[in-house]
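First up is the structure itself, then whatever we jot down about it.
Since every read-out is calculated from the coordinates, none of them should be taken as a lab result. This structure is a prediction, so every number in the text was calculated from the model and none was measured. No Cβ is skipped: glycine too gets one built from the backbone with ideal geometry, and neighbour counts run over all protein chains shown.
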Amino acid sequence: HDGEGMCDGAGGGGGWQFSAAREDSHVYCAVREPDGYTARLAVLDDCPSFAAVADYVASTLKTETSYWVGGTDLFEEDRWFWINKAEVVRGAPFWETGQPDGGTKENNLILNHRGRLEDRHPSELLPFICQLK
């Protein structure tokens with residue numbers, strides 16, 4: 001991504017595992033990782049990754065479902081980081097208009113059905129996206 005939060009095209013769609021399980025997402029990703037891979041909640045910290053997953057969610061899945069991804073502002077309010085410690089880029093095209101809006105009660109990221117980020121309360125039961133490395 002460049003300094004303005006824009007993406008220059010999509011990357012390949014490989015390396016992602018979409019799951020509708022309701023278990024603890026971190027544990028689910030780690031326990032069910034395929035041989036030869038490590039798995040974690042998705043980190044969409046570059047334009048090709050973000051574009052590939054957002055496009056898949058918005059264009060291929062075609063549901064009204066949102067998915068947990070691996071970002072939080074739990075450690076410092078309104079400073080968003082991926083679980084790999086990379087900062088989450090703010091603004092378009094990454095975030096839904098008006099987001100984040102949850103204050104101290106919504107500290108985790110979802111990718112909504114339009115392929116945009118929103119903050120949500122961690123107790124919500126939503127499917128999630130595991131990233132395979």
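Place a +1 charge on the Cβ of each Lys and Arg in segment 54-133 and a -1 charge on the Cβ of each Asp and Glu, then give the dipole magnitude about the Cα centre in debye, rounded to the nearest 20. Walk me through the intermediate numbers first.
Details: 9 positive and 13 negative charges, 68 e Å.
Using only the charged Cβ atoms, the result is roughly 320 debye.
May I ask which residue of Ala58, Ala86, His26 lies farthest towards the positive end of the charge dipole of segment 16-132, with charges of +1 (Lys, Arg) and -1 (Asp, Glu) on Cβ and the Cα centre as origin?
Ala58
Under the rule a/c < 1.5 gives rounded, and otherwise a/b versus b/c splits prolate from oblate, where does segment 16-132 land using the Cα gyration tensor? Could the numbers behind the result be given before it?
On the way: a/c = 1.43, a/b = 1.24, b/c = 1.15.
It comes out rounded by the Cα gyration axes.
Let me check against my output: what whole-number percent is the relative contact order of segment 16-132, with C-alpha pairs under 8 Å and at least 6 apart?
Values: 206 pairs, mean separation 44.6, N = 117.
Reported relative contact order: 38 percent.
Ranking request for peptides 68-78, 24-34, 97-107: highest mean number of other beta-carbon atoms within 10 Å first, then the rest in descending order. Can you show the working numbers first?
Details: 68-78: 17.1, 24-34: 15.0, 97-107: 13.1.
Sorting 68-78, 24-34, 97-107 by mean packing, highest first, produces 68-78, 24-34, 97-107.
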